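Below: the structure, in structure tokens.
The values are calculated or read from the model by the stated rules, or taken from the named source; none is laboratory data. None of these values were measured; they are calculated from a predicted model. No Cβ is skipped: glycine too gets one built from the backbone with ideal geometry, and neighbour counts run over all protein chains shown. Side chains are part of the model used for accessible areas, which takes the heavy atoms of the whole protein and leaves out ligands, DNA and RNA. Shrake-Rupley method; radii C 1.70, N 1.55, O 1.52, S 1.80 Å.
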Amino acid sequence: AHRYHGGNFFPFRQGGGPSTVGSGAGEGFNINVGWNEKRMGDDEYRVLWERLLMPIATEFDPDLVLISAGFDAARGDMGECDITPECFARLTRRLMSLANGNIVAALEGGYVRSVLCKCVESVLATLLDADNNEKCKKELQTFYNNV
């Protein structure tokens, strides 16, 4: 999930849109959700996560989850989206339900240091939190009660 604007947002490639689904033997194994609007935030990402991405990931049943941890979509960063550090934590918590919690997260973006620091801290605290399963269950219940 990323800002896309028809390929007119960094890195200015047409190949990052929703019709890019992989090729050859990998066709159908790539999902691009390219937002064509600014200010997509917690609500939009959580709905996308719960209604599209997590059901697909759960069915795929990976052995390992690789997170390209870019935070330029954070509120106040250059991506002009509106995701809070708390939402990044929730999304991470959901990913931890996959692959028996086998996760590798690699920092790859976020350009406003004060914003980046809060987001990284939130994700690291989530990865280290022993109570994630219980928190995840409560968050999912609240999500589905409000959708």
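Exactly one of (1) closer than 19 Å to Phe71 by Cα; (2) more than 17 Å from the chain's Cα centre (by Cα) is unmet by Lys118. Its number?
Unmet condition: (2).
Quick one: which residue in Asn32, Asn8, Asn36 is of a type in the set (S, T, N, Q) and in contact with a Phe, Trp or Tyr (Cβ under 7 Å, 6 or more places away or on another chain)? Outline the logic, then answer.
Numbers: Asn32 fails: in contact with a Phe, Trp or Tyr (Cβ under 7 Å, 6 or more places away or on another chain); Asn8 fails: in contact with a Phe, Trp or Tyr (Cβ under 7 Å, 6 or more places away or on another chain).
So the residue among Asn32, Asn8, Asn36 that is of a type in the set (S, T, N, Q) and in contact with a Phe, Trp or Tyr (Cβ under 7 Å, 6 or more places away or on another chain) is Asn36.
Which numbered condition in (1) within 30 Å of Glu134 (Cβ to Cβ); (2) within 16 Å of the chain's Cα centre (by Cα); (3) not in a strand (DSSP E or B) is the only one that Glu59 fails?
(2)
Going through region 10-20 one residue at a time, which ones are under 19 Å from Gly109 (Cα atoms), modelled with pLDDT of 75 or more and either among the hydroxyl-bearing types (Ser, Thr, Tyr) or within 18 Å of the chain's Cα centre (by Cα) (or both)?
If the condition is that a residue be under 19 Å from Gly109 (Cα atoms), modelled with pLDDT of 75 or more and either among the hydroxyl-bearing types (Ser, Thr, Tyr) or within 18 Å of the chain's Cα centre (by Cα) (or both), then Gly16 is the only one that fits.
Of the conditions (1) among the β-branched types (Val, Ile, Thr); (2) free of Cβ contacts under 8 Å to residues at least 60 places away in the same chain; (3) part of a helix (DSSP H, G or I); (4) within 25 Å of Tyr144 (Cβ to Cβ), Val47 clears all except one; give me its number.
Checking Val47 against (1) among the β-branched types (Val, Ile, Thr); (2) free of Cβ contacts under 8 Å to residues at least 60 places away in the same chain; (3) part of a helix (DSSP H, G or I); (4) within 25 Å of Tyr144 (Cβ to Cβ), the one that fails is (2).
I need a count of the residues in region 37-57 that are open to solvent by 80 Å² or more (accessible area, probe 1.4 Å) and over 14 Å from Cys87 (Cβ atoms).
3
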